[in-house]
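Q: What follows is a structure written as structure tokens; I'll ask about it next.
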Amino acid sequence: RRAQLRALEGRPYQKLLEEITQSLVPQAGQLRHPLLNPRPVCRRGVLVIATDKGLCGPLNTNLFRELFRRHGPDRIYVSVGRKARSFLAGLPSPSGESLLAADFELRDNLTFRESKRISRFLLDKFSSGEIDAIDIAHSHFVNALVQTVVIRPLVPLASDVLAQKESAAAPTVPDNFEPSPEELLEALLPFFVDWNVYQAILDSLASEHSARMIAMKNATENAKQLVADLTLEYNKARQEGITREILEIATAQIALE
């Protein structure tokens, strides 16, 4: 329940960040910020957030199957969680070298400050030109029964994230900014990436605990059904044994008479 609340409580904040950024981008003029402007992609970095432990049903399997389907020679990976590290370390590479650039620990009480180490590592790789785009792959928490696989672009910031949607209401952010929109975007865009990574980790943790709860519930019910079936088989065998003994005793008595 605690993991689910953390994931759900962060979504309004993420939505507000998107609205603020949507309002700033048009007013920043011809801002040539690297996080906004795409470039030819030679190497694509993929942040993969999975679980530390198993016994959570098909959660990791569904994520890894989709990653394997999209895998290509231009990708390098950063993992969060031991299951992600194990999967990514075994992916085929044209050169035979590991495609795993870094591995980060996943903890239930991971803070935003700690998650920034992950996002800033990726942003440093992007700024230095080692990678030209960043995707993020994780399990999205819908509810306790439903978790979906999400693989989406993170950097450069996708135009569909920052573009104004016709059906969306006008943002409540005022038109006049202090300081200038350019200065605000310089600080806001890296923070926007930081929060997207943190929110994805919260979503993944909520998905993990929900999936494990359902998997354990199903395992318990299956075990109870197995016990019931075996008990029935045992009683049948016991009854057959008793019946056979009675028949043998009766047959022996008739033979003695």
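The values are calculated or read from the model by the stated rules, or taken from the named source; none is laboratory data. All values reported here derive from a predicted model rather than from experimental measurement. Methodologically, a virtual Cβ is constructed for each residue, glycine included, from the backbone with ideal geometry; neighbour enumeration extends over all protein chains shown. Heads up: the accessible areas ignore ligands, DNA and RNA and are worked out on the full protein's heavy atoms, side chains in. Shrake-Rupley method; radii C 1.70, N 1.55, O 1.52, S 1.80 Å.
Q: Please tell me if Gly72 is farther than 18 Å from Leu122 by Cβ, out of contact with any Lys or Arg (no Cβ under 6 Å at 6 or more places or on another chain) and surrounded by 15 or more Cβ atoms within 10 Å (Cβ to Cβ).
A: no
Q: For the range 78-124, which positions are among the aromatic types (Phe, Trp, Tyr), over 21 Å from Lys53 (Cα atoms) and touching a helix residue (DSSP H, G or I) at 6+ places or on another chain (Cβ under 8 Å)?
A: Phe112
Conditions tested, residue by residue: (1) among the polar types (S, T, N, Q); (2) over 28 Å from Gly57 (Cα atoms).
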| position | (1), (2) |
| --- | --- |
| Phe104 | no, no |
| Thr111 | yes, no |
| Lys116 | no, yes |
| Lys125 | no, yes |
| Ser128 | yes, yes |
| Ala133 | no, yes |
| Asn143 | yes, no |
| Val149 | no, no |
| Val155 | no, yes |
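Q: Restricted to the range 131-148, and to residues that are among the hydrophobic types (A, V, I, L, M, F, W, C) and surrounded by fewer than 18 Cβ atoms within 10 Å (Cβ to Cβ), which residue is nearest to Leu47 (Cα to Cα)?
A: Of everything passing the filter in the range 131-148, Val142 is nearest to Leu47 (Cα to Cα).
Q: Going by what's in this entry, would Ser115 be described as assigned to a helix (DSSP H, G or I), within 16 Å of Gln199 (Cβ to Cβ) and open to solvent by less than 60 Å² (accessible area, probe 1.4 Å)?
A: yes
Q: Just wondering, is there one or more residues in the range 42-53 that are under 20 Å from Leu189 (Cβ atoms) and more than 14 Å from the chain's Cα centre (by Cα)?
A: Within the range 42-53, one or more residues are under 20 Å from Leu189 (Cβ atoms) and more than 14 Å from the chain's Cα centre (by Cα).
Q: A further question on this structure: Give the number of residues within the range 37-60 that are in contact with a strand residue (DSSP E or B) (Cβ under 7 Å, 6 or more places away or on another chain) and at pLDDT below 90.
A: Residues that pass the stated criteria total 1.
Q: Now for a separate question. So Leu16 ticks every box in (1) part of a loop (DSSP other than H, G, I, E, B); (2) exposed (fewer than 15 other Cβ atoms within 10 Å of the Cβ) but one. Which box is left unticked?
A: The single condition Leu16 does not satisfy is (1).
Q: For the range 192-250: of the residues being basic (Lys, Arg), over 19 Å from the mean Cα position of the chain (by Cα) and under 29 Å from Leu145 (Cβ atoms), which is most open to solvent (accessible area, probe 1.4 Å)?
A: Selected residue: Lys224.
Q: Given the residues Leu59, Leu63, Leu5, Leu91, which is the only one that is over 15 Å from the mean Cα position of the chain (by Cα) and over 23 Å from Glu130 (Cα atoms)?
A: Result: Leu5 is the single residue among Leu59, Leu63, Leu5, Leu91 that is over 15 Å from the mean Cα position of the chain (by Cα) and over 23 Å from Glu130 (Cα atoms).
Q: I want to confirm something. Restricting to the range 172-205 and keeping residues that are at pLDDT below 80 and assigned to a helix (DSSP H, G or I), which single residue is nearest to Leu17 (Cα to Cα)?
A: Ranking the qualifying residues of the range 172-205, first place goes to Pro181.
Q: Checking Pro34 against (1) free of Cβ contacts under 8 Å to residues at least 60 places away in the same chain; (2) in contact with a Pro (Cβ under 8 Å, 6 or more places away or on another chain), which single condition isn't satisfied?
A: (1)
Q: So which of Leu63, Leu8 ends up being assigned to a helix (DSSP H, G or I), open to solvent by 50 Å² or more (accessible area, probe 1.4 Å) and within 15 Å of Ala206 (Cβ to Cβ)?
A: Criteria check complete, one pass: Leu8.
Q: Something else now. Taking Leu36 and the conditions (1) surrounded by 13 or more Cβ atoms within 10 Å (Cβ to Cβ); (2) under 24 Å from His140 (Cα atoms), which numbered condition does it fall short on, given that it satisfies the others?
A: (2) is the only condition that Leu36 fails.
Q: If you check every pair at least six apart or on different chains, which have Cβ atoms under 6 Å apart with a residue in the range 186-201 that is in contact (Cβ under 8 Å) with a residue 60 or more places away in the chain first and a residue that is open to solvent by 30 Å² or more (accessible area, probe 1.4 Å) and among the basic types (Lys, Arg) second?
A: Asp194/Lys116
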